[in-house]
Amino acid sequence: MNSTMLMRITCLMVTLGAAGCAGAGGTPPPPEQRVRPVVAELFGQFDPALVQDPANGRLWMTYSMVDRSAHSRWRVGLRIASSDNGGANWKDHGVLEPLSDVTVGPLAVTRPEPAIGNGARGSWMNETSTLVYDPHPAVPPGQRWKLVWHQALWVDNKPYFASYSWIAIKTAARPEDLAAAPAKRWIGNFLLKPDAYLPSAQAPASGPTTLPLHTLHPELSRCVFAEPALHATRDVLYLALDCQFLGNPVQPYITLFRCSSPCDMNTLSGWKYLGRLTTPADAKAIHRKYKSLGAPALVQQGGETWLLATPVERSFGDDRYDGCLAFRFADLARGQLERVNGKLVVRRSLAGMPGSHHGACASHAALRSGMLYSQLVTREPPEFFRIYRSGVRLP
């Protein structure tokens, strides 16, 4: 995400305004570098997230699936795949959240988001998923596997992040059972409209948002949350979220929370806000062309905990992802990354096609090919989305 909700697959809105799209030409990695986890190609895959089943060592990957839409430029859903050989091959296990074109309205909006009248052409986007296994013995079996993602309404190819988006959740005893589990609203934002719960919204998740994280601290009070990343230890569940702090200008931060296990994920009192992991100033200190860091992933590897993040660059009036950076935690429990003289220490970096929209990375110690990264390919029409093996490993 960038300064006002950069969708990883395509566009952004600036101060709740109109969108522009990133993308440039380039030479793609060789075909053998590509990850092929799906039965049907559609127009692509993006946003991988990885976790290992401790019972059998199997790697599981959730990711965004992208296809054409009758109502928007794209439709985005979620799929799940598994690998028993370190990611060399993947077995498709189907759809977690389907591609969804719907007719909505009338719905109230937060200005300057455009009005939504009766019979409006909408699409519910499901993207930026994170999957975690909670090992605490007291966790009920049906809640051990947790899938969390960003769900947002687009109407006539315009995003309604302020009025109609939230972090959704599913839980199950096994990853294979998540597809049949009900999707529930979990974390909302301070601008979420009550109309989200009306039949006219055609929302794919049910129930009220149960965790008002924006009330925990003044630094969160104007957050529109997106891009969740979960990490579980035996005793603690960690959650990183992109916070678009609405102001003039909008300020994008990566924020971190912790919940002691067995974690009651729906109770505000169980969560502690650890602070802002990254700020716009951190991104500019890495390179003056960067305006923020987004697309967080929390990774345990090499006996250390890491934050993977994607720098966001302003390019020809648009914002685009520009690879991935790895930062090591100096103190995870306190939410502190390694810094020297206040500046974040970049331990690893990777890049895809020069000048293109790419990033949103994933990593795991059991993955043989190093980090995975997402790539928008626009060298010739039609443009499409792919996940690639980078060969870049965390230390």
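Elements of the type strands (runs of 3 or more DSSP E) sitting completely within the range 343-384 and holding at least 1 residues that are out of contact with any Cys (no Cβ under 6 Å at 6 or more places or on another chain) and touching a residue at least 60 places away in the same chain (Cβ under 8 Å): these cover 358-362, 372-377. Scanning the range 353-375 for residues that are more than 21 Å from residue 298 (Cα to Cα) and modelled with pLDDT of 90 or more yields a count of 1.
Filtering the range 209-262 down to residues that are of a type in the set (S, T, N, Q), part of a strand (DSSP E or B) and free of Cβ contacts under 8 Å to residues at least 40 places away in the same chain, which residue is least open to solvent (accessible area, probe 1.4 Å)? In this case the residue turns out to be 255. In the range 284-310, the residues that are among the charged types (D, E, K, R) reach residues that are part of a strand (DSSP E or B) and open to solvent by 30 Å² or more (accessible area, probe 1.4 Å) with C-beta atoms within less than 7 angstrom, at least six apart or across chains, in these pairs: 291/314; 304/328.
Scanning the range 22-80 for residues that are of a type in the set (Lys, Arg) and surrounded by fewer than 18 Cβ atoms within 10 Å (Cβ to Cβ), we see that the one that is modelled with the highest pLDDT is 58. Identification of strands (runs of 3 or more DSSP E) wholly contained in the range 110-191 with 2 or more residues that are among the aromatic types (Phe, Trp, Tyr) and open to solvent by less than 10 Å² (accessible area, probe 1.4 Å) yields 145-155.
Consider the range 303-342 and keep the residues that are among the basic types (Lys, Arg), assigned to a strand (DSSP E or B) and modelled with pLDDT of 95 or more. The one that is least open to solvent (accessible area, probe 1.4 Å) is 328.
Residue 259 falls short of the stated requirement of being touching a Gly at 6+ places or on another chain (Cβ under 7 Å) and modelled with pLDDT under 95. With respect to residue 331, determine if the residue is of a type in the set (D, E, K, R) and under 28 Å from residue 249 (Cα atoms). Against the criterion (of a type in the set (D, E, K, R) and under 28 Å from residue 249 (Cα atoms)), residue 331 does not qualify. All of (1) open to solvent by 10 Å² or more (accessible area, probe 1.4 Å); (2) of a type in the set (A, V, I, L, M, F, W, C); (3) under 13 Å from residue 185 (Cα atoms) hold for residue 205 with one exception: (1). Going through (1) open to solvent by 10 Å² or more (accessible area, probe 1.4 Å); (2) under 18 Å from residue 196 (Cα atoms); (3) among the aliphatic types (A, V, I, L, M) one by one, residue 95 falls short only on (2).
The values are calculated or read from the model by the stated rules, or taken from the named source; none is laboratory data. What you are looking at is a predicted structure, and each value in this text was computed from that prediction instead of being measured. Please note: Cβ atoms are built from the backbone with ideal geometry, for glycine as well, and neighbour counts cover all protein chains shown. All accessible areas refer to the heavy atoms of the entire protein, side chains included, with ligands and DNA or RNA removed. Shrake-Rupley method; radii C 1.70, N 1.55, O 1.52, S 1.80 Å.
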